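Each reported figure results from applying straightforward, stated rules to the coordinates on display, with no laboratory input. Being a predicted model, the structure only gives us computed values, none of them experimental. Here the Cβ positions follow ideal geometry from the backbone for every residue, glycine too, while neighbour counts run over all protein chains shown.
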Amino acid sequence: MPNNPPPKSYSYAQAGVSIAAGNALVKAIGPLAKSTARPGADAELGGFGGFFDLKAAGYADPLLVAANDGVGTKVKLAIDHDRHDTIGQDLVAMCVNDLIVQGAEPLLFLDYFASAKLDNAVAVRVVAGIAAGCKLAGCALIGGETAEMPGMYAPGDYDLAGFCVGAVERGEQLTGDRIAAGDVLLGLASSGVHSNGYSLVRRLADDLGWRMNRPALFDPERLLIDFLIEPTRIYVKSLLPPIRAGRIHALAHITGGGLLENVPRVLPDGLHARIDAGAWEQPRLMAFLQAQGNIEPAEMARTFNCGVGMVLAVAADEVATLIADLEAAGETVYVIGVVEKGPRGCTVQGAAEVWSAREAWEAAHLG
């Protein structure tokens, strides 16, 4: 009989997937998850699924509200500049801010981390940011998934997705049905670009040769990359008390589509949001982006948050006390417009005049 050599023995590790590395990561991030424990969840990792006890969280007749999202190409900015520590907060923020606009308290969070080859040092930094975001939002990190997929991602790249479940007592959810003509629109300041518009930001950076690790042209005290990687603000804890007190008629999270497309999502038919672009000062970072890209005002209002990360519709007689309460909770609040009768939609009035002084801005800030 022929003396054939034994067949080659293959392993998962030879294919580029390390089970041992995955197990080591779970062990490393266990304390991070446990630090997010809250009533209803002990945030222990390791099971096939995570439990949450709604009764222990204090709910009597809750509606569950779910949201999922990613961070988009801001992840690539974090990868290219070794800024992995806060991108996890962006992931949480994009989900929990969508829940709070329904009036729901975020309760539990799960993440999905995918890469070509698991780098535990990077992954731990990312998950630490997720845990930090969960603590800011008051929700528990109860599980997730880590995937190694050789051939799907370039070496060093990774992607993130987040999944969040919240609850609101039946009858207390925000649906926009309480909005009426005469309601005042309040804007809560954003912390920066948040997590939308980064494909344009990165295109400008590449085309114009921005020096990311140099002081920003508009602020010599901070690096440009520090401004661009600033994590998305989480509005949950400041908004929950007035929501539960019935003082807010509706909320709009200003994400992709900007003010023009997100505010109308919460308006009933027959109502129109009129926003005054001169009611707040456009942040220097936004003015920088507009000047660098010669971006038209309407494009700014559709692509970026322009300094406003959340919009509230409230009764006129609530405005003064609500502003005081929100400011005491750490928010910067602007009175930005009104709701009036008209076709369902949003007009950002004065944008062309307020946001188009490119030459004046450059003279003042770029020298």
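For a straight C-alpha distance cut-off of 19 angstrom, the aspartates and glutamates reachable from K76 (same-chain residues fewer than eight places away being disregarded) are D85, D90, D111, D119, E148, D157, D159, D206, D207, D226, E230. Applying 0.36 nm per residue to the separation of S35 and R344 and subtracting their alpha-carbon distance, the gain on full extension is 106.8 nm. Note that segment 54-112, at 4 °C in a medium of 1.567 mPa s, gets a Stokes-Einstein diffusion coefficient of 99 µm²/s from its Kirkwood radius over C-alpha pairs.
Listed peptides 183-190, 217-224 appear in the order 183-190, 217-224 once ranked by packing, highest mean of other Cβ atoms within 10 Å at the front. With both labels modelled 7 Å from their Cα along Cα-to-Cβ, the A154 to V124 distance reads 2.7 nm. Volume of the convex hull of the chain (Cα atoms only), normalised per residue: 182 Å³.
In this simple spin-label model, placing a label point 7 Å from the Cα along the Cα-to-Cβ direction at both E145 and D206 gives a separation of 2.9 nm. Each label point was placed 7 Å from the Cα along the Cα-to-Cβ direction; for E261 and A28 their separation is 3.7 nm. In the frame of its principal axes, segment 111-237 has Cα extents of 50, 40, 25 Å, reported largest first.
Normalised by residue number, the volume inside the convex hull of the Cα atoms of segment 237-367 is 114 Å³ per residue.
At a Cα cut-off below 18 Å, give the lysines reachable from K135, other chains included and same-chain residues fewer than 8 away excluded. Cα-Cα hits under 18 Å: K34, K237.
Here segment 53-195 has an Rg and Dmax of 17.2, 56 Å, counting Cα atoms alone. Would you mind classifying segment 243-309 by shape? Square roots of the alpha carbon gyration tensor eigenvalues, ordered a ≥ b ≥ c; an a/c under 1.5 is rounded, otherwise it is prolate if a/b is larger than b/c and oblate if not. Prolate is the answer for segment 243-309, as a/c is 1.5 or above and a/b outweighs b/c. For segment 11-71, chymotrypsin sites (Phe, Trp or Tyr not before Pro) meeting the loop criterion (DSSP other than H, G, I, E, B) and having at most 11 other Cβ atoms within 10 Å: Y12, F48.
Taken over segment 1-102, the percentage of Cα pairs per 5 Å bin, counting from 0 up to the bin with the maximum distance, is 2, 9, 10, 14, 18, 15, 10, 6, 5, 3, 3, 2, 2, 1, 1, 0. Hey, got a sec? Which GluC sites (Glu not before Pro) in segment 252-309 land in a DSSP loop and have at most 15 other Cβ atoms within 10 Å? Counting only loop positions with at most 15 other Cβ atoms within 10 Å, the GluC sites (Glu not before Pro) in segment 252-309 are E281. Extension gain, E281-E353: 0.36 nm per intervening residue step, less the Cα-Cα distance, totals 24.6 nm.
Percent of C-alpha pairs per 10 Å bin in segment 82-162, short distances first: 19, 49, 24, 7, 0. Cβ-Cβ distance of R214 and F51, R₀ of 41 Å, FRET efficiency by 1/(1 + (r/R0)^6): the value works out to about 0.25.
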